[in-house]
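Structure, as structure tokens:
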Amino acid sequence: MSRHPLFMPLILIGGLVFGFGLGFSHMARPEVVLDFLTFEDFGLLFVMFGGSIIAGLAFWVVPQLRSSAPLTGRPYGRRLKSFDRNVLVGGSIFGVGWGLSGICPGAAYASLGVGNVTILWALAGMFLGAYIQGVWRSQSSRTESAVPGDD
Amino acid sequence: MIAELLGAGTLETLFPNGISRYAVGGILVGLGTVIIYLGTAITAGASTFLESTLSYVSAQQRFEQYRPSRDWRIVFTLGIVGGAAIYALTFQSGLVSSGLYATGDTGELREVGGLTVWLTDVQPWRLFVGGLLVGIGTRIGKGCTSGHGICGVGSVSKTSLIGVVTFLVVAIVTANIVAAMGITP
């Protein structure tokens with residue numbers, strides 16, 4: 001599959017800005033997230049709302065100006081995922097993990113960037129967790145597909 | 001004006017580190033998402049990287065769907081690490097300062113050859129067990145704080161709004177229970 005020569009550089013620049021923001025906001029520090037979750041410092045609300053408002057403006061305005069993206073030809077759209085029980089089950093498991101550790105995936109990558117090598121414990125846990133659910137769900141989807149079904 | 005309505009000192013209690021550091025950081029996180037969206041129409045989340053990268057080393061069927069995106073997701077993640085490192089080289093190391101940036105007093109700062117690195121005090125077992133649950137939960141729940149929280153909420157997706165409320169409420173309850181048990185840091 002051939003890609004536009006600017007595709008990877010653009011992804012890198014987007015990642016750099018994203019990661020700088022996570023460092024600057026201190027969201028890459030588990031202590032700050034835990035302070036937020038225990039009502040010591042509500043500042044993190046501004047990271048979430050700041051980020052989602054900027055993204056929301058782009059997702060709303062850009063599709064009205066152009067139909068597809070210059071580097072991929074993909075149509076501009078919003079991020080809409082189907083709702084099912086998994087959103088609640090997975091969200092709850094994620095919530096316990098986030099509340100225990102104070103770290104989420106993007107912030108963990110950024111935490112490594114600010115020099116926090118201790119976060120490798122969390123990254124190792126995340127990869128192991130993603131692997132465990134992958135093995136588990138690969139098996140259950142094989143079992144399901146062995147039974148004839150419509151979906 | 002808001003401070004007067006709430007009473008003197010309320011804002012300092014709610015936001016002991018001010019809001020500018022958080023607001024600027026959040027806007028940059030949003031901007032990073034928008035840069036990628038403008039060029040590619042991709043709404044990138046951070047947690048898919050975990051599964052897409054596992055597709056390099058595991059033949060599990062579940063990871064196969066992420067093969068087409070696994071290379072750029074590595075570049076995105078390296079960008080996040082690099083962007084945070086640029087922050088560490090500048091603001092964290094004191095080379096650059098701004099009235100918008102509050103340094104804070106969490107964790108431990110250490111000098112390594114002119115660069116100031118930051119290290120967490122949170123215990124490794126909390127990071128590992130918490131990380132394990134984050135890895136399972138974000139992938140089953142179809143997204144994390146960036147996928148649901150930034151892209152999904154920005155898309156006014158009902159699924160993402162429900163996802164965010166779910167993980168936020170559960171995380172608040174969990175963090176308060178852990179704190180009440182006296183587990184610190």
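What follows draws every value from the coordinates through simple rules; no lab data is involved. Model, not experiment: these values are computed from the prediction. Quick reminder, even Gly has a Cβ in these numbers, built from the backbone with ideal geometry, and neighbours come from all protein chains shown.
A Stokes-Einstein calculation at 25 °C with viscosity 0.890 mPa s, built on the Kirkwood radius of the stretch B:122-185 over Cα pairs, returns a diffusion coefficient of 193 µm²/s. Packing, taken as the mean count of other beta carbons within 10 Å per residue, orders the peptides A:93-101, A:109-117, B:168-176 from highest to lowest as A:93-101, A:109-117, B:168-176.
Counting Cβ atoms of other protein chains within 10 Å of each residue's Cβ and taking the mean over peptide B:13-24 gives 6.
Toward the positive end of the charge dipole of the protein assembly as shown, with +1 on the Cβ of Lys and Arg and -1 on the Cβ of Asp and Glu, the farthest Cα among A:Gly19, B:Cys151, A:Ala124 is that of B:Cys151.
Cβ crowding within 10 Å, taken as a proxy for footprinting-reagent exposure, orders B:Leu38, A:Leu16 from fewest neighbours to most as B:Leu38, A:Leu16.
Other protein chain C-beta atoms within 10 Å of residue C-beta, averaged over A:58-69: 3. Hydrodynamic radius of the stretch A:43-151 by the Kirkwood approach over all distinct alpha-carbon pairs: 17.8 Å. Here, the stretch A:4-86 is characterised by an Rg to Rh ratio of 1.07, where Rg is the alpha-carbon radius of gyration and Rh the Kirkwood radius. Could you compute Rg(Cα) / (2.2 N^0.38 Å) for chain B, with N its residue count? Cα Rg divided by the expected 2.2 N^0.38 Å: 1.19. Hydrophobic, long helices, defined as DSSP H runs whose alpha-carbon span along the helix axis is 27 Å or greater and whose mean Kyte-Doolittle value is at least 0.5, occur in chain B at B:20-40, B:158-180. Volume per residue of the convex hull around the Cα atoms, evaluated for the protein assembly as shown, comes out as 157 Å³.
Counting Cβ atoms of other protein chains within 10 Å of each residue's Cβ and taking the mean over peptide A:81-87 gives 6.
Set the Cα radius of gyration of the stretch A:1-44 against 2.2 N^0.38 Å, with N its number of residues, and you get 1.72.
Within the shell defined by Cβ-Cβ distances under 13 Å, the residues around B:Leu127 carry a net charge of 0, with Lys and Arg each +1 and Asp and Glu each -1.
When each of B:Phe128, B:Phe76, A:Phe39 is scored by the number of other beta-carbon atoms lying within 10 Å, the sequence from fewest to most is A:Phe39, B:Phe128, B:Phe76.
Quick test of the membrane-span-like rule: which DSSP H helices of chain A reach at least 20 Å along their long axis (C-alpha atoms) with mean Kyte hydropathy at least -0.5? List each step's numbers first, then the result.
Values: long enough: A:7-24 (26 Å, 2.11); A:44-65 (32 Å, 1.94); A:85-101 (24 Å, 0.88); A:120-146 (39 Å, 0.16).
Those that clear 20 Å and a mean of -0.5 are A:7-24, A:44-65, A:85-101, A:120-146.
If you average the C-alpha positions of the stretch B:15-35 and of the stretch B:71-132 separately, how far apart do those two centres end up, in angstrom? For the stretch B:15-35 versus the stretch B:71-132, the Cα centre distance is 15 Å.
In this structure the amide hydrogen of B:Thr116, modeled in the peptide plane, comes within under 5 Å of the amide hydrogens of B:Ser93, none closer than 5 places in sequence on its chain.
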